[in-house]
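Colleague: A single structure is presented below for examination.
The values are calculated or read from the model by the stated rules, or taken from the named source; none is laboratory data. Nothing here was measured: the structure is a model prediction, and the numbers come from that model. Cβ placement follows ideal geometry from the backbone for every residue including glycine, while neighbour counts extend to all protein chains displayed.
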Amino acid sequence: MGYEDHSFDVPDEVSFSVLIISDSRTEATDETGKYLLSAIPASGNLVIEYGLVKNDALQITGKFSQFMSNMECNVIICSGGTGASHKDLTIETLTPFMDKIMDGFGEIFRRFSFDEIGTGAILSRATAGIKDGKVVIMLPGSLNAVKMAFEKIIEPEIRHLVREARR
């Protein structure tokens, strides 16, 4: 498949749910969430849900399950809890639910991160997967990391990825 084939039969717009995982942020101080809530519609897509939970497995699972049950949702972006700290639980909490893991997402994320921050990129466990036809993206909580991921990976490929996840 050539690059131009990626745009064949893709959805015109994609519906996103945004889940921020943080022990320190509130809705008022959540710059990463605010960025996504503006960047997603600016890219011609929709934000249908937003939630902020503590870095707690039960809270993460509860909000994730709620988002998964929304039939309009195509993509869930989770931001936070993907680092190396013992407090970071997003990957351990959500990857067991995935039908498929998209290893390439994390690989290219860390490659782009390396260009920006150097070898500190190894601390990120960013990944993506597919669950019941929905794309699930797990990103660091850093605003710069989320901007880079959205602009360089998610926005250019999300329609193609959603098409493939539904097949």
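Colleague: Identify the residue in region 107-149 that is assigned to a strand (DSSP E or B) and not aliphatic (A, V, I, L, M) and, among all such residues, is surrounded by the most Cβ atoms within 10 Å (Cβ to Cβ).
Modeller: Ranking the qualifying residues of region 107-149, first place goes to Thr127.
Colleague: Here is a follow-up. (1) small (Gly, Ala, Ser); (2) out of contact with any Phe, Trp or Tyr (no Cβ under 7 Å at 6 or more places or on another chain); (3) within 17 Å of Phe16 (Cα to Cα): which one isn't true of Gly120, the others all being true?
Modeller: Only one criterion in (1) small (Gly, Ala, Ser); (2) out of contact with any Phe, Trp or Tyr (no Cβ under 7 Å at 6 or more places or on another chain); (3) within 17 Å of Phe16 (Cα to Cα) is unmet by Gly120, namely (3).
Colleague: Does Glu27 qualify as being over 14 Å from Ile137 (Cα atoms), of a type in the set (Asp, Glu) and touching a helix residue (DSSP H, G or I) at 6+ places or on another chain (Cβ under 8 Å)?
Modeller: yes
Colleague: Here's something else I'd like to know. Tell me, which residue of region 77-112 that is within 18 Å of Gln66 (Cβ to Cβ) and of a type in the set (S, T, N, Q) is farthest from the chain's Cα centre (by Cα)?
Modeller: Among those residues, the one meeting the criterion is Thr93.
Colleague: Determine which single condition Asp9 fails, assuming it passes every other condition in (1) modelled with pLDDT of 95 or more; (2) on the phi > 0 side of the Ramachandran plot.
Modeller: Of (1) modelled with pLDDT of 95 or more; (2) on the phi > 0 side of the Ramachandran plot, only one is false for Asp9: (1).
Colleague: I've got another one for you. Would you pick out the residues in region 70-105 that are within 17 Å of Ile153 (Cβ to Cβ), surrounded by fewer than 20 Cβ atoms within 10 Å (Cβ to Cβ) and of a type in the set (Gly, Ala, Ser)?
Modeller: Residue satisfying the conditions is Gly104 alone.
Colleague: For region 37-94, name all the residues that are in a loop (DSSP other than H, G, I, E, B), touching a residue at least 40 places away in the same chain (Cβ under 8 Å) and out of contact with any helix residue (DSSP H, G or I) (no Cβ under 9 Å at 6 or more places or on another chain).
Modeller: Asn70, Glu72, Lys87
Colleague: Please name all residue pairs, on different chains or six or more residues apart, with Cβ atoms under 8 Å, provided the first residue is in region 130-148 and is at negative phi and the second residue is in a strand (DSSP E or B) and surrounded by fewer than 18 Cβ atoms within 10 Å (Cβ to Cβ).
Modeller: Matching pairs, first to second residue: Ile130/Lys100.
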